Amino acid sequence: MTTISIRLEDEDKKELEAMCAEMGMNITTFYMIYTKKALRDRRIPFEIAAPDPFYSKRNLTQLHRAVNQVREGQTVAKTMEELEALEDE
């Protein structure tokens, strides 16, 4: 038997302990089940996806720039009717 150590944020550990306790197990049992499932299926037992592109560095930079433009009064507001009228011109 081997011992493995991992680092978790304190709050994450508390939440994981609470969740495991609700299921009648401890963190060690949780990781044992996780490991057995991964080995049996030969894959990580949950989907891993790329982060939401909305929160990409490029998009956040654009959003901050837009917020600053609004704060500095560098924007023009138009109603949908006004925009549609511009389209007809």
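The values are calculated or read from the model by the stated rules, or taken from the named source; none is laboratory data. As the structure is a prediction and not an experimental result, all values here were calculated from the model. Positions of Cβ are generated from backbone atoms using ideal geometry, with glycine treated the same way; all protein chains shown enter the neighbour counts. With ligands, DNA and RNA removed, areas are computed over all heavy atoms of the protein, side chains included. Shrake-Rupley method; radii C 1.70, N 1.55, O 1.52, S 1.80 Å.
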Check Ala85, Ala66, Ala38 and return the single one that is open to solvent by less than 100 Å² (accessible area, probe 1.4 Å) and either closer than 30 Å to Ile4 by Cα or in contact with a strand residue (DSSP E or B) (Cβ under 6 Å, 6 or more places away or on another chain) (or both). Ala38
So, first residue over 21 Å from Thr2 (Cβ atoms) in the stretch 20-33, second residue in a helix (DSSP H, G or I), Cβ within less than 9 Å, six or more apart or across chains; the pairs are Met23/Thr29; Met23/Phe30
Take residues that are at negative phi and within 22 Å of the chain's Cα centre (by Cα) and tell me which of the helices (runs of 4 or more DSSP H) falling wholly in the stretch 1-83 contain 3 or more. 10-22, 57-71
Which numbered condition trips up Thr61, out of (1) at pLDDT 90 or above; (2) of a type in the set (Ser, Thr, Tyr); (3) in contact with a helix residue (DSSP H, G or I) (Cβ under 9 Å, 6 or more places away or on another chain)? (3)
Before we move on, is Asp52 modelled with pLDDT under 95 and open to solvent by less than 100 Å² (accessible area, probe 1.4 Å)? yes
